[in-house]
Amino acid sequence: MLYLSTRGHPDRKRFCEILLEGLAPDGGLYLPERYPQVDDATLTRWRGLAYHELAFEILSLYIDDIPATDLRALCRKTYTEAVFGTPQIVPLRKLEAGVYLEALSNGPTLAFKDMAMQLLGHLFEYELARRGESLNILGATSGDTGSAAEYAMKGKKGVRVFMTSPHGRMSPFQQAQMFSLQEANIHNLAIEGVFDDCQDIVKAVSNDLAFKRKYRIGTVNSINWARLVAQVVYYFAGYFQATTSNDQKVSFTVPSGNFGNICAGHVARMMGLPIAKLVAATNENDVLDEFFRTGTYRVRGSADTFETSSPSMDISKASNFERFVFDLLGRDAARVKHLFQDELGARGRFELPAEVAAARERYGFASGRSSHADRLATIRDTWQRYQDMIDTHTADGVKVAREQRDPLVPMIVLETALPIKFAATIVEALDRQPHRPAGFEGIEDRPKRVRVMPADVDQVKAYIASHCD
């Protein structure tokens with residue numbers, strides 16, 4: 001299996017090369033040359049597999065430069081009841097007629113990012129040991145990626161993490177999860193700006209090839225293909241739990257900011273998983289909803305990016321969207337490069353009015369938008385009717401799922417975090433505190449290690465350089 005850049009760089013690389021690299025040299029994102037196809041017999045064989053076995057089966061279609069015995073062991077080591085709290089790993093529960101919640105938030109940081117990041121930590125450690133190398137990971141987080149990455153990488157041999165986050169724009173619980181870590185290989189950089197400023201810094205550093213090579217810079221954001229492909233697994237797991245035969249279809253509603261989570265669903269659908277619709281649920285930062293309604297992709301500046309009660313989706317430049325547009329345009333890399341490098345750079349937008357119909361009809365995409373008032377109403381309604389407490393991002397998903405559901409097709413909402421991470425909004429909606437899992441008592445009061453910095457690429461580079469051996 002070889003991987004190519006969405007912007008047409010001539011090199012073709014294997015999995016373990018792009019695992020440690022992140023962005024392609026031309027600024028594009030990596031995708032496989034082809035999506036492996038899964039037939040009816042394979043789906044039947046996969047039904048009933050334990051999650052770690054299913055993960056191995058899917059990942060082995062994309063990874064052929066790690067011996068099968070080693071990859072199987074890495075999957076078994078990652079997806080355990082001890083780490084994720086349940087033997088099913090991602091149990092499905094019925095919310096109401098035709099609507100289900102897939103629990104992806106039972107990992108160590110109580111958010112869906114753990115599903116891929118825990119595996120990524122083991123993959124990094126494995127590959128770096130095999131090469132006798134080290135890696136400095138530079139990431140950007142709007143809330144959950146950072147803590148998931150840091151918990152997965154803390155104490156790992158040969159790995160340092162430099163995680164940027166928007167200063168003051170995460171919930172107190174999210175900040176505490178990251179900033180309270182005392183491990184020497186973890187560095188938190190709070191950037192004076194919004195998430196998109198953090199993401200721009202990561203991309204700028206990744207595009208400085210000399211710096212990237214000198215300081216061995218890698219990424220854990222969902223621009224890293226390894227993280228995205230690990231997320232494909234739980235679409236198959238959710239499908240198998242919601243159906244009894246392979247001739248049934250399901251739909252998924254996915255709270256979406258950076259388009260990574262739902263892009264994994266697109267990959268699963270391209271592989272042949274019987275998905276009817278992939279519904280992107282946005283908050284007030286609705287750049288994705290605008291595209292799927294109108295065909296216009298219009299990024300917003302920092303001043304026009306709203307600070308909301310579902311802060312992990314306060315994103316106006318959806319990095320993984322480029323992967324989908326690459327497929328949408330028939331893998332025309334020259335056109336993708338023009339749109340994302342030239343058009344967005346010059347105009348901050350591009351239009352694909354003809355192609356958006358294909359996005360809906362051929363690729364099954366739909367979308368919807370939720371507001372703070374909608375979140376409060378959905379959290380309150382879900383609690384009062386079902387005694388099921390959901391977080392703010394999952395509430396965005398439930399609200400939009402109810403609008404998009406087909407009575408003949410099960411709708412699975414991907415739960416993205418546990419309510420404790422956004423306690424203030426839960427209290428506002430329900431006048432009660434959410435459950436706090438064991439081990440997180442008093443986390444907000446623990447000593448914190450964080451450096452506040454302006455949104456300046458050179459200052460971030462200087463910090464990295466000064467903290468590398």
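In this structure the amide hydrogen of Tyr100, modeled in the peptide plane, comes within under 5 Å of the amide hydrogens of Leu95, Met411, Ile412, Val413, none closer than 5 places in sequence on its chain.
Here r is the Cβ-Cβ distance between Arg451 and Val83 and R0 is 41 Å; the resulting FRET efficiency, rounded to 0.05, is 0.85.
Label sites at Asp26 and Arg293, each approximated as a point 7 angstrom past Cα along Cα to Cβ, lie 3.4 nm apart. Listed by Cβ neighbour count within 10 Å, with the fewest neighbours leading, Thr78, Thr416, Thr425 appear as Thr425, Thr78, Thr416. Semi-axes of the equivalent ellipsoid of segment 313-377 are 25, 17, 10 Å, computed as sqrt(5λ) over the eigenvalues of the C-alpha gyration tensor in descending order.
In this structure the amide hydrogen of Ser105, modeled in the peptide plane, comes within under 5 Å of no amide hydrogen from residues 5 or more places off or on another chain. Other residues within the sphere of radius under 10 Å centred on the Cβ of Glu33, judged by their own Cβ, net out at +3 (K and R +1, D and E -1).
Three principal axis extents of segment 127-235 based on alpha-carbon atoms, in descending order, are 39, 33, 32 Å. Couplings for segment 149-165, taken from phi via the Karplus curve 6.51 cos²θ - 1.76 cosθ + 1.60 with θ = phi - 60°, read 5, 5, 5, 6, 9, 4, x, 6, 6, x, 10, 10, 10, 10, 10, 8, 8 Hz in order; Gly and Pro are left as x. The string of couplings for segment 186-195 from the Karplus curve (6.51, -1.76, 1.60, θ = phi - 60°) is 10, 10, 9, 10, 8, 8, 6, x, 10, 4 Hz, one whole number per residue in order, with x for Gly and Pro.
Taking amide H as placed 1.01 Å from N in the peptide plane, the amide H of Leu135 sits under 5 Å from that of Val159, Arg160, each at least 5 places away or on another chain.
Remark: the Ala354-Asp381 segment gains 5.9 nm on full extension, using 0.36 nm per residue and subtracting the alpha carbon distance. Annotation note: GluC sites (Glu not before Pro) in segment 110-162 located in DSSP loop regions with a Cβ neighbour count of at most 10 within 10 Å are absent.
Note on segment 434-469 and segment 203-227: Cα centroid distance 19 Å, given to the nearest whole angstrom.
Only residues of segment 198-217 count here: report those whose backbone N is under 20 Å from the spot 7 Å along Cα→Cβ of Ala184, or say none. Those under the cut-off are 216. By definition, a body whose alpha carbon gyration tensor gives a ≥ b ≥ c is oblate when a/c is 1.5 or more and a/b is not larger than b/c, and segment 312-469 fits this oblate description.
Give the residue from Val427, Asn224, Ser147 lying farthest towards the positive end of the charge dipole for the chain; charges sit on Cβ (+1 for Lys and Arg, -1 for Asp and Glu) and the dipole is referred to the Cα centre. Of the listed residues, the answer is Asn224.
Taking 4 °C and 1.567 mPa s as conditions, segment 244-352 diffuses translationally at an estimated 87 µm²/s according to Stokes-Einstein applied to its Kirkwood radius (Cα pairs). Here segment 1-72 and segment 376-426 have alpha carbon centers that stand 32 Å from each other. Using just its DSSP H runs of length 4 or more, each adding -39500 (n - 2.57), the chain gives a mean residue ellipticity at 222 nm of -12000 deg cm²/dmol after division by all residues. If you take all other residues with their beta carbon under 13 Å from the beta carbon of Ala129, and give Lys and Arg +1 and Asp and Glu -1, the sum is 0. Residues within the reach of a label modelled at Arg130 (point 7 angstrom out along Cα to beta-carbon, backbone nitrogen below 14 Å), restricted to segment 16-58, are 16-21. Taking a ≥ b ≥ c as the square roots of the eigenvalues of the Cα gyration tensor, the chain is rounded, since a/c falls below 1.5.
Treating r as the C-beta distance of Ala41 and Asp332 and R0 as 41 Å, the FRET efficiency rounds to 0.75.
On full extension, the segment bounded by Glu33 and Glu441 gains 142.2 nm, given 0.36 nm per residue less the C-alpha separation. Taking label positions 7 Å along the Cα-Cβ direction at both Glu343 and Gln433, the computed distance is 5.0 nm, reported to one decimal.
Relative protection proxy for 172-179, 160-167, 201-208, from highest mean packing down: 160-167, 172-179, 201-208 (other beta-carbon atoms within 10 angstrom). Qualifying GluC sites (Glu not before Pro) in segment 302-391, where qualification requires a DSSP coil assignment and no more than 14 other C-beta atoms within 10 Å, comprise Glu307.
Rule-based calculations on the coordinates, nothing more; no lab input. Owing to the predicted nature of the structure, the values given are computational and were not obtained by experimental measurement. In this analysis, Cβ positions are derived from the backbone assuming ideal geometry, glycine residues included, and neighbour counts consider all displayed protein chains.
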